[in-house]
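This report refers to the structure that appears directly beneath it.
The values are calculated or read from the model by the stated rules, or taken from the named source; none is laboratory data. The structure presented is a predicted model; accordingly, all values stated were derived computationally and were not measured. For neighbour counting, all protein chains shown are included, and Cβ atoms are generated from backbone atoms with ideal geometry for every residue, glycine included.
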């Protein structure tokens with residue numbers, strides 16, 4: 001008999017193995033990234049449930065955060081092991097997650113996009129099974145702008161990636177010692193969300209963020225592997241520094257790290273200026289994600 005219960009501390013190793021086997025593509029291969037997204041902030045309201053049937057056969061993770069003046073819940077990950085799918089177990093896990101987040105005051109729940117720590121910007125529009133699953137559980141597209149990712153063939157475009165930065169442009173890898181000054185600049189220029197996301201770059205080896213700084217002022221930054229390995233972003237340049245090639249140089253420094261590590265491709269997440277990335281490193285359209293939402297009833301009762 002399958003039992004759905006709250007996750008326990010000693011479930012973590014089995015859950016990571018379940019996610020490694022059950023998530024699509026290479027989504028479960030970055031164990032450090034998964035630990036951060038699922039368990040990284042002990043102060044977050046992050047309910048999670050597992051399904052047990054002679055071992056763990058399913059899991060669902062979520063969190064609750066204030067967004068746009070309301071308490072919104074997020075589905076971080078839902079996975080069911082092979083041999084246990086299409087039997088309603090995913091619905092049961094999601095229903096338990098919805099009830100727990102509603103009890104914490106959430107009025108809506110969203111699949112994906114739980115910034116600053118997220119595994120997907122939303123539901124992959126090419127993943128018909130996942131789209132159908134959330135639709136059957138009462139989730140719908142609220143009409144938000146889709147979140148596109150871009151793909152970069154690092155080998156085919158290594159001439160662009162390896163292009164030398166202007167000699168006059170100061171650039172270096174972010175150091176832990178300068179984090180307080182950098183964080184203050186990030187908060188004032190780009191906001192708390194990006195500051196929190198980039199903070200995780202300090203946990204990578206080497207630190208997965210490059211910065212440009214001149215006369216004590218930061219001109220820009222670019223980070224990669226902040227939430228998951230193989231994904232680039234976020235990045236930004238100060239308005240006063242634009243036109244100097246700051247963004248292009250920082251982007252190339254990050255992707256050169258990928259080449260040096262033997263990676264042949266990377267994914268640029270949740271892209272804004274598509275033309276910039278295409279021109280600078282040969283990026284091409286990749287996956288597109290849509291955030292599906294569902295209203296939650298008051299009082300903690302929810303159903304799929």
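Taking only region 144-173 into account, find how many residues are under 19 Å from residue 266 (Cα atoms) and either in contact (Cβ under 8 Å) with a residue 60 or more places away in the chain or touching a strand residue (DSSP E or B) at 6+ places or on another chain (Cβ under 8 Å) (or both).
Qualifying residue count, region 144-173: 16.
Consider residue 224 against the criteria (1) surrounded by 17 or more Cβ atoms within 10 Å (Cβ to Cβ); (2) at positive phi: it satisfies all of them except one. Which criterion is unmet?
With (1) surrounded by 17 or more Cβ atoms within 10 Å (Cβ to Cβ); (2) at positive phi applied to residue 224, the lone miss is (2).
Could you tell me which of the residues 193, 200, 130 is closer than 30 Å to residue 297 by Cβ, in the same structural domain as residue 251 (by TED's automatic domain parsing) and part of a helix (DSSP H, G or I)?
On inspection, the qualifying residue turns out to be 193.
Restricting attention to region 178-190, report how many residues are part of a helix (DSSP H, G or I) and under 20 Å from the mean Cα position of the chain (by Cα). Explain how you work it out, then say what you get.
Step one: filter region 178-190 for residues part of a helix (DSSP H, G or I), giving 178-189.
Still in the list and also under 20 Å from the mean Cα position of the chain (by Cα): 183, 186-187.
Residues in region 178-190 being part of a helix (DSSP H, G or I) and under 20 Å from the mean Cα position of the chain (by Cα): 3 in total.
Here's a check for you: in region 228-250, which residue that is assigned to a helix (DSSP H, G or I) and out of contact with any helix residue (DSSP H, G or I) (no Cβ under 6 Å at 6 or more places or on another chain) is surrounded by the most Cβ atoms within 10 Å (Cβ to Cβ)? Walk me through how you get there before you give the answer.
Here is the first cut: in region 228-250, the ones assigned to a helix (DSSP H, G or I) are 239-241, 246-250.
Subsequent filtering for residues that are out of contact with any helix residue (DSSP H, G or I) (no Cβ under 6 Å at 6 or more places or on another chain) retains 239-241, 246-247, 249-250.
Working: 239: 8, 240: 9, 241: 17, 246: 27, 247: 22, 249: 23, 250: 25.
Checked region 228-250; the qualifying residue surrounded by the most Cβ atoms within 10 Å (Cβ to Cβ) is 246.
Having 2 or more residues that are touching a helix residue (DSSP H, G or I) at 6+ places or on another chain (Cβ under 8 Å), crowded, with 22+ Cβ neighbours inside 10 Å and in contact (Cβ under 8 Å) with a residue 60 or more places away in the chain is the bar; report the strands (runs of 3 or more DSSP E) wholly within region 41-116 that clear it.
70-80, 108-111
For the condition surrounded by 12 or more Cβ atoms within 10 Å (Cβ to Cβ) and within 16 Å of residue 232 (Cβ to Cβ), what is the one hit in 212, 208?
Only one candidate qualifies: 208.
Right, residue 207: assigned to a loop (DSSP other than H, G, I, E, B), within 18 Å of the chain's Cα centre (by Cα) and at pLDDT 95 or above or not?
yes
Does residue 255 satisfy being over 19 Å from the mean Cα position of the chain (by Cα) and either in the same structural domain as residue 169 (by TED's automatic domain parsing) or part of a loop (DSSP other than H, G, I, E, B) (or both)?
Spelling it out, it is not the case that residue 255 is over 19 Å from the mean Cα position of the chain (by Cα) and either in the same structural domain as residue 169 (by TED's automatic domain parsing) or part of a loop (DSSP other than H, G, I, E, B) (or both).
Any residue in region 146-161 that is surrounded by fewer than 16 Cβ atoms within 10 Å (Cβ to Cβ), assigned to a loop (DSSP other than H, G, I, E, B) and within 17 Å of the chain's Cα centre (by Cα)?
yes
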